[in-house]
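These notes are about the structure you will find just below.
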Amino acid sequence: MLIVSVYLFRHLFGAGYPDLQSCTMIKNYFSIALRNLWRNKGFSAITIFGLAIGITTCLLIVLFVNDELSYDRYNKNADRIYRIDADFLVNGAAFREHTVPALLGPVLKEENPQVENYVRLLIGGNILVRKGDNTFAETNACYADSSIFDVFTLPMISGDPRTALTQPHTMVISERMAMKYFGTTDIVGKTMITDNATTYQITGVIRNMPDQAHMHLDFIRAMAERGDSRDAAWMSDNFTTYMLMRKGATGQQLQQYVDAATKKYMEGPLKKMTGSNLDELKKAGSHFGYTLLPLTSIHLYSTLRDEVEPSGNMQYVYIFIAVAIIILLIACVNFMNLSTARSAGRAKEVGVRKVLGSRRSALILQFLAESTVTSFFAMLLGVAMAVLLLPYLNQVADKHIRFHAAALVWILPLLAGVTLFIGLLAGIYPALFLSGFEPIKVLKGKIRMGFSDSWLRNSLVVFQFASAILLIVGTLVIYNQLKFIRDKQLGYDRNQVLVLTNTYPLGDHAREFKAEVMRLPGVDKGSITGVLPTELSTNTAIYSRDAAFSTGQVTGLVEWLVDGDFIPTMGMKMANGRNFSADMPSDSSAILVNETAARLMGITDLNNRMLYGGSQGNGTVLNVIGIVKDFNTGSLRSKIPPVVFRLVFEPRRIAFRVNTHQLPELLAKIKQVYQSQHSMAGQPFTYSFLNDDFNKLYRAEERTGKIFVSFAILAVLIAALGVFGLITYAAEQRTREIGIRKVMGASVTGIVLMLSKDFFKLIGISVLIGSPVAWFIMSRWLRNFAYSVNISWTVFLIAALIAIAITIVSVIYRAVSAATANPINSLKAE
C-alpha cells in the first residue's frame, strides 16, 4: 500500500517504475519517517491519537450503516418481494397501515402471470405456551400461508417446507424456541399447547431469523385453520401480504395489477359504504388505494405507525454518513495543522537537504512517507479502539454488530484504502508546504512568518469549528426535542398507570378480577380496555353523518373499544357532554368522540347528534353523548387521529391507576389476586407501566441522541487538538516577535490575547457558517414529528460558547508557555 503511493508520485514526477536503487530509497524514506516520529514522541502521539479518533468514528459508523442497509437482504429473492400497504384519505381522515383484504394476494396471483407467489401473515400479540405446569408469554407469533417458505428464505433444520403448514393446527417454530421448550431441534411430530386451548403439531424447525430482518418469527401457525383468510371481506384490512414477482417483472407492473384489483373488487363495496366511487373520491381530494413497498426498503423507508418492529430511518443513515466524513476530514485537517506547526523545527532540515542536492520531489516523497506511516499507526490504534467501543455502540444503538470472517472481505480493503487516503490527503499539504522552503532564506532564519496570512490554514480551522458547531447544535436540538416529548401535556396522564397485558383468558371473570383489585389499598381507578393511548392503533371503521351514507357525509374513524371507566383511569378530560355511565343502560348504543373526530363529523353540539355505521355495519345508529378533549395517541410523529369510543367489553388489557410508594408490595398483592382466578392458574403475570410504554416509542430518537452526543464529543476533542496544533504553529512562527515584545515590556496577558485573537475571529466565522447549516439539517429532522420544538437561538449561542471554551482551554497552555519563555533564548540567534 505504501509502495503504491511512491509508485504514483514517481510516475507523476517522471521517474518511471522503481528499480533496486529506488527500493532502497523507499526503505530509507520510511526509516527516516520512523526516526522522526520517535524523535518527536509527544507531537507524534497527539497526531496519531487525533487521526485514530477519526478512523474509529468512521469505522463504527461504517459498521452501523452497513448493518442498516443490509436489512432483509438475506432473502434470496429480496429484490423481487413487495409488501402491499393500505393508503386511505376519506373526507379528511388519513389512514396508512400494512394490512390488506384477505383475498387480495390470492386474486393478484390468480389473475396476473407476472406474479410468482404471495404469502399472507396474520400477526397477533403474545402467544401463551405451556411447558409442564407453567405457561409463558411469547412474542413473534403469526399465522402464515404455506407459501411463506417459497417467498422468504427461512432455512429449515428439520421438517419439509413443502408440507409444513398445509394442514390446520400445525406449527413451525424457530431454533431458539425449540431449544427453550424441548432442548433439541429434532421435534417434528411433537405437540405444543398454546393459549391454553389449542394443541399444535410441530411440523418444522427453522433457523433463527437474522438480526437484520424487519420482523422476527418464532411461532408460525398454519393459515389453513383461519376461516377469515377465505372471506371475501373486501373492505376489511387484516392481513399483511407480500408478493413475489417473477424475474424481469417490475414493481410498476405489480402496482398496476393492484390498482386494477382495487377497482374491480373494492369499488362496489366502497360505493355502498361511503356513497362515492374511486373517481368521485379523487375529485373530492380524497383517495382510496394500496401502495407497494419493496422488502429491502421496509426497515429504512417505511413511515407507517404500526410496523411489527421498530424501524430505522434513511435520513439517520445519511446523517451518520455525513458525520463520519466530517469527523474523518476534521482528523485529517488536524494532522495538516499539527504537521505545519512543526515547520519551524523542520525548516533547517529542508534547507540543508536542498543545499546537498535533494530535489523537491524527493522531499515530498519523504514527507508523504511520514504521513502514511503516521496514518498506518493511527489505523492500528483506530481499529483497536473500534473493537473496544463496539459493545458500547451495540448497547446504544440496540444492535448486535460483530466483527466476523465474512466482514473481512470488505473491511480489510476498506482499511487499506482509508489508510492510503488519509496518508495522501493529510500529508500532501504539509509535504508541499515544507518542501517549498527556499534554502537561503531558511538557513538565514527568514522563513515565512505569521499565522493569519495563510488562507488555507485558516479555512481548515474554520471547517473544524463549523463541523463541531454543527454536531453540538444537532445534539442540543435532539435533547430539546426529547425533553419536549417527556414534558408535553398529552391529554392523558401516563404516570402511575399499571397495565396488565395477559388478561384475555379471564374472559367474563375480568370484571370480578378488576373489582377485587380495586379494593386493594393504593389502587384508585381501573379500566378493562382493548387499546391504550401509547399504542399505534389503526382499527378503522366507516362512520356517516346521515343514515343514507351520502357522498361527502362519510369518513373513517379510529375505533376504540373501552369500558365506562377508561376516561377517568387515563386522566382524560371531557370537552363537552358526559362520559359513559353504568346507570344508563342506553349507553350501550352511545359513543364518545374526540375533538378531532367532532370537527371532521361537524359535531358542534350534542342535541340528538347521531352517527351511523362503525364496525357493526351501516345499519347501526349511535348516539354521541360526549366529546373528549384531544389527546396524543402513539407517538408525537403523527397528528392526533379522529377517535370514537365504543362501550364494548374487550378484556385484552386491564389498566389500574395506582397511588402508592410501596409498589412492590402492591404488585405482589395484585399478582396473588390474578393467580387466584381459576382461569389464570399457571398463567404468566405480565405487566408494564404506561409511562415506560410511552418512552419505548422514542427509542430510535433516544439512541440517535446518545450516538450524536458521542460523536459530538469526539469532534470537539479533535477540534481541541487542532487548536493546540495551530497555537503551537503560531507561537513557533512568532517566537522572536514574542521575545521582542517581552523585552519592550509586554505582559503575559497581552501576549496570550495577541496569540488568541486570531482564533476568536475564526470561531466567529465558523459560527456564521455552521449555524445555518445546522438549522437546515435539524429543521428537516424535526419534520419527522407532528409536534416539535422550535430551534431557539440559544442553541447556537451555547454551541459558540462551547467552541470558545475549547479554544481558551486549548490555547491557554501553549500561549502562556510561549509568553513566559526567556526572551534571550529566542533573540540570541539574531
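The values are calculated or read from the model by the stated rules, or taken from the named source; none is laboratory data. If you're wondering where the values come from, they're calculated on a predicted model, not measured in any experiment. Here Cβ is always computed from backbone atoms with ideal geometry, including for glycine, and neighbour counts include all displayed protein chains. Areas reflect the complete protein model, heavy atoms only, side chains present, ligands, DNA and RNA absent. Shrake-Rupley method; radii C 1.70, N 1.55, O 1.52, S 1.80 Å.
Quick check on Ala575: is it within 25 Å of Gln489 (Cβ to Cβ) and buried (at least 19 other Cβ atoms within 10 Å of the Cβ)? Before the answer, list the steps.
Numbers: within 25 Å of Gln489 (Cβ to Cβ): yes; buried (at least 19 other Cβ atoms within 10 Å of the Cβ): no.
No, not satisfied.
Is one or more of the residues making up segment 179-187 assigned to a loop (DSSP other than H, G, I, E, B), at pLDDT 90 or above and aromatic (Phe, Trp, Tyr)? Show your work before the answer.
So the first thing to find is which residues in segment 179-187 are assigned to a loop (DSSP other than H, G, I, E, B), and the list is 182-187.
The next check asks that each one be at pLDDT 90 or above; those that pass are 182-187.
Keeping just the survivors that are aromatic (Phe, Trp, Tyr) gives 182.
Yes, the conditions are met somewhere in segment 179-187.
For (1) at pLDDT below 85; (2) part of a helix (DSSP H, G or I), each residue gets a yes or a no:
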| site | (1), (2) |
| --- | --- |
| Thr296 | no, yes |
| Leu300 | no, yes |
| Arg305 | yes, no |
| Phe320 | yes, yes |
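Quick one: in segment 90-114, of everything that is open to solvent by 40 Å² or more (accessible area, probe 1.4 Å) and touching a Leu at 6+ places or on another chain (Cβ under 6 Å), which residue is modelled with the highest pLDDT?
That would be Arg96.
Scan segment 115-152 for residues that are assigned to a loop (DSSP other than H, G, I, E, B) and surrounded by 17 or more Cβ atoms within 10 Å (Cβ to Cβ) and jot them down.
At the first step, the residues of segment 115-152 found to be assigned to a loop (DSSP other than H, G, I, E, B) are 124-126, 132-133, 139-140, 145-147, 152.
Across segment 115-152, the qualifying residues are Asn126, Asn140, Asp145, Ser146, Ser147, Phe152.
Tell me, please, whether a residue that is of a type in the set (Phe, Trp, Tyr), within 30 Å of Ala324 (Cα to Cα) and at pLDDT 75 or above can be found in segment 721-730.
We begin by selecting, within segment 721-730, every residue of a type in the set (Phe, Trp, Tyr); these are 724, 729.
Next, only the ones that are within 30 Å of Ala324 (Cα to Cα) stay: 724, 729.
Next, from what is left, pick out any that are at pLDDT 75 or above: none.
No, there is no match, as no residue in segment 721-730 is of a type in the set (Phe, Trp, Tyr), within 30 Å of Ala324 (Cα to Cα) and at pLDDT 75 or above.
Filter segment 227-237 down to residues that are buried (at least 18 other Cβ atoms within 10 Å of the Cβ) and not hydroxyl-bearing (Ser, Thr, Tyr) and give me whichever is farthest from Ala541 (Cα to Cα). So that I can check it myself, show each step before the final result.
Narrowing segment 227-237 to residues buried (at least 18 other Cβ atoms within 10 Å of the Cβ): 229, 234, 237.
Within this subset, residues satisfying the condition of being not hydroxyl-bearing (Ser, Thr, Tyr) are 234, 237.
Working: Trp234: 13, Asp237: 11 Å.
Here the answer is Trp234.
Have a look at Asp186, Asp160, Asp211 and point out the one that is out of contact with any strand residue (DSSP E or B) (no Cβ under 8 Å at 6 or more places or on another chain) and open to solvent by 30 Å² or more (accessible area, probe 1.4 Å). Don't jump to the end; show me each part of the working.
Numbers: Asp186 fails: out of contact with any strand residue (DSSP E or B) (no Cβ under 8 Å at 6 or more places or on another chain); Asp160 fails: out of contact with any strand residue (DSSP E or B) (no Cβ under 8 Å at 6 or more places or on another chain).
Result of the check over Asp186, Asp160, Asp211: Asp211.
Out of Val621, Val673, Val648, Val658, I need the residue that is out of contact with any His (no Cβ under 9 Å at 6 or more places or on another chain), open to solvent by 50 Å² or more (accessible area, probe 1.4 Å) and among the β-branched types (Val, Ile, Thr). Which one?
Values: Val673 fails: open to solvent by 50 Å² or more (accessible area, probe 1.4 Å); Val648 fails: open to solvent by 50 Å² or more (accessible area, probe 1.4 Å); Val658 fails: open to solvent by 50 Å² or more (accessible area, probe 1.4 Å).
Only one candidate passes the filter, namely Val621.
Between a first residue in segment 545-569 that is within 14 Å of Gly614 (Cβ to Cβ) and a second residue that is of a type in the set (Lys, Arg) and surrounded by fewer than 19 Cβ atoms within 10 Å (Cβ to Cβ), which pairs have beta carbons less than 8 Å apart while being 6 or more apart in sequence or on different chains?
Phe549/Lys272
Tell me, which residue of segment 604-638 that is among the charged types (D, E, K, R) and in contact with a helix residue (DSSP H, G or I) (Cβ under 8 Å, 6 or more places away or on another chain) is nearest to Ser788 (Cα to Cα)? Break it down into steps so the answer makes sense when it comes.
Filtering segment 604-638 for residues among the charged types (D, E, K, R) gives 605, 609, 629-630, 637.
Next, only the ones that are in contact with a helix residue (DSSP H, G or I) (Cβ under 8 Å, 6 or more places away or on another chain) stay: 629-630.
Values: Lys629: 20, Asp630: 17 Å.
By that ranking, first place goes to Asp630.
I'm told Ser688 meets every condition in (1) surrounded by fewer than 18 Cβ atoms within 10 Å (Cβ to Cβ); (2) in contact with a Leu (Cβ under 7 Å, 6 or more places away or on another chain) except one. Can you identify the failing condition by its number?
(2)
For segment 466-494, name all the residues that are open to solvent by less than 10 Å² (accessible area, probe 1.4 Å), of a type outside the set (A, V, I, L, M) and farther than 29 Å from Ala803 by Cα.
none
Say we look at segment 507-547 and pick out the residues that are polar (S, T, N, Q) and over 19 Å from Leu666 (Cα atoms); which of these is modelled with the highest pLDDT? It would help to see each step written out before you state the result.
Residues of segment 507-547 that are polar (S, T, N, Q), as a first pass: 527, 529, 534, 537-540, 544.
Going one step further and asking which of them are over 19 Å from Leu666 (Cα atoms), we end up with 529, 534, 537-540, 544.
Working: Thr529: 92, Thr534: 86, Ser537: 61, Thr538: 65, Asn539: 77, Thr540: 81, Ser544: 86.
Looking at the filtered set, the residue picked out is Thr529.
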